[in-house]
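Inspection log for the structure reproduced underneath, given as structure tokens.
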Amino acid sequence: MVDFGGWEMPLHYGSQLDEHHQVRRDAGMFDVSHMLAVDIKGETARDFLRRLVANNVDKLTQPGKALYTCMLNLQGGIIDDLIIYFLTESHFRMVVNAGTADKDMAWMLARRDEIAPGLEITPRRDLAMIAVQGPNARTKVWQVIAGAQTATENLKLFQAAFFDEYFIARTGYTGEDGFEIMLPAGDAADFWNALHAAGVAPAGLGARDTLRLEAGMNLYGQDMDETTSPLESGLGWTVDLKSDRDFIGRQALLERPAAQQLIGLILLERGVLRSHQKVTTPSGDNESDGEITSGGFSPTLNQSIALARLPLTVSAGDEVQVVVRDKMLRAKAVKYPFVRNGKSLI
Amino acid sequence: MNIPNNLKYTKSHEWVRLEDDGTVTIGITQHAQELLGDMVFVETPDVGRKLKQGEECAVVESVKAAADVYAPIAGEVAAVNPDLETAPEKVNQDAYAAWLFKLKPVNADLNHLLSAADYQKMLESEEDS
């Protein structure tokens, strides 16, 4: 058990590697109740979100549709990354990280008072969240929640629907198909046990981290924080600069184009890449060379991979050097994700 | 907890066995591998390297973390376990069979090391704290 954003959470339930493979090959589940759902209710909800986040909620036209976005400060730094679900014109739901939940709430309430007084912003600590992920995840969920199949089998990726007491979203943090399911906290233990009985393996934070790293998904606090912009964090695709919508942080992003990039690394020698290891590049000038933001062993590829923040001069295919303890190890820059739907993309 | 009586131990969770030929075999304990979790990389010292007692000389890395391995006694590296380069998980499967390296000791006196009972006591007191 480890502390994670103030929550006591299991790193693994047995073997982290087994849990990782179980998700890639079959189905695993994560208790992600530490993440906070926040309901935003009121006539001005959409206007508020247009201003609050860097991606454009006007892309959300169909009820249930979800959007991944960053919430920026005035300097263009990332306060948090989150998902927003469009439910009705007067009800949006977002899901934010555990470690940032308090500051997110404070930031949103202060912006609410400026932009949209009267809008209701309600943290939903009464909800638990269980992510069921893997090629067989949806089928196993349908075995457990009688009747849910009809309601959710036509959900596209990044789409959600209510069914009974459940809020079922086809989203995740593993690069596999599956659902993230919110339900009343008091029912979570029974639901977890029913999934377990249906053959869904419990998986801990350790596997969650290796899965998301293979899937090339950022971890807040590690790959990005309030000092880095989404443009320097591989998240340019989530920033809508095309419309003239004036979101918080927009001006700063326009004034501060990316000086670095997030790029994938594959270690070409034996060893394990870890966060904060220094990276030197052939074209770099040493002082501004980069460092690994997330590194680890990829169970699917059976070699070490990383995300690194490096100068823009580095391109996929270039060889770089990583300082691992007292050695310089060779690594290759690659485009990520490394793995999707059980298959290597490298 | 599996702590064989015929081995000696260190506070840093290495096990040590004096062989009939006078060499000393070194690995990490079952407790250590449990703490680390699934092993993915083992780096052993070069054969011929002369080690001081307590010197960092090997690294075991799991999916979770990297841990240094220290020389329990002074000596020259006589052999390393070639299996671990391709199969580091052997350390998880049987920590007392998956030795890391062998030393030709400067002095084969192992009396300063912990007995199985001492090591067991140390683990129990760690759990309490």
If each part is reduced to its alpha-carbon centroid, region B:56-88 and region A:302-346 end up apart, in Å, by 25 Å
Amide H contacts of A:LEU127 (H built 1.01 Å from N, under 5 Å, at least 5 apart or other chain):
A:ALA185
Let me check I have the definition right: for chain B, take the eigenvalues of the Cα gyration tensor, multiply each by 5, take square roots. What are those semi-axes in whole Å, largest first?
21, 19, 12
Which ordering of A:TYR220, A:TYR68 is given by a fewest-first count of other beta-carbon atoms within 10 Å?
A:TYR68, A:TYR220
Please sort B:79-92, A:289-302, A:159-172 by packing, taking for each peptide the average over its residues of neighbouring beta carbons within 10 angstrom, highest first.
A:289-302, A:159-172, B:79-92
The protein assembly as shown, Cα convex hull volume normalised per residue, Å³
160 Å³
Can you give the Kirkwood hydrodynamic radius of region A:2-213 from its Cα pairs, in Å with one decimal?
17.6 Å
Farthest towards the positive end of the dipole of region A:2-213, among A:ALA27, A:LEU205, A:ALA45 and with Cβ unit charges of +1 on Lys and Arg and -1 on Asp and Glu, lies the Cα of A:ALA45
Once you average over the residues of A:22-29, how many Cβ atoms of partner chains fall within 10 Å of each Cβ?
0
Estimated inter-spin distance, A:LYS335 and B:ASN111, nm [label 7 Å along Cα→Cβ]:
6.8 nm
³J(HN,Hα), Karplus 6.51/-1.76/1.60, whole Hz, each residue of region A:101-118, x for Gly, Pro
4, 5, 6, 4, 4, 4, 4, 5, 5, 5, 5, 4, 4, 7, 9, 9, x, x
Dipole magnitude (debye, nearest 20) for region A:259-337, charges at Cβ of Lys, Arg, Asp, Glu
320 debye
List the residues of region B:87-117 whose backbone N lies under 12 Å from a point placed 7 Å from the Cα of B:ARG49 along the Cα-to-Cβ direction.
B:101-102
Of A:LYS156, A:LYS327, A:LYS140, the one that fluctuates the most in a GNM where chain A has Cα springs shorter than 10 Å:
A:LYS327
Reduced to Cα centres, the span from region B:15-29 to region A:60-113 in Å works out to 58 Å
Given a cut-off of 14 Å, what percent of all Cα-Cα pairs of region A:114-177 lie beyond it?
64 percent
Taking springs between alpha-carbon atoms closer than 10 angstrom, which of B:LEU114, B:LEU18, B:LEU35 fluctuates most in the Gaussian network model of chain B?
B:LEU35
Using the basic label-point model (7 angstrom from Cα toward the beta carbon), what is the A:ARG51 to B:ALA74 distance in nanometres?
7.3 nm
Most fluctuating of B:ASP38, B:ASP21, B:ASP94 in the GNM of chain B (C-alpha, under 10 Å) is B:ASP21
At a 10 Å Cβ-Cβ cut-off, how would you order A:THR238, A:THR88, A:THR313, fewest neighbours first?
A:THR88, A:THR313, A:THR238
Just tell me which lysines come within less than 22 Å, Cα to Cα, of A:LYS59; anything on the same chain fewer than 8 places away is out.
A:LYS41, A:LYS156, A:LYS242
Principal axis extents for region A:1-67, Cα atoms only, whole Å, descending order, please.
48, 30, 19
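Throughout, read-outs are computed from the coordinates displayed, never taken from laboratory work. Since the model is a prediction, treat every value here as computed from it, not as a measurement. Positions of Cβ are generated from backbone atoms using ideal geometry, with glycine treated the same way; all protein chains shown enter the neighbour counts.
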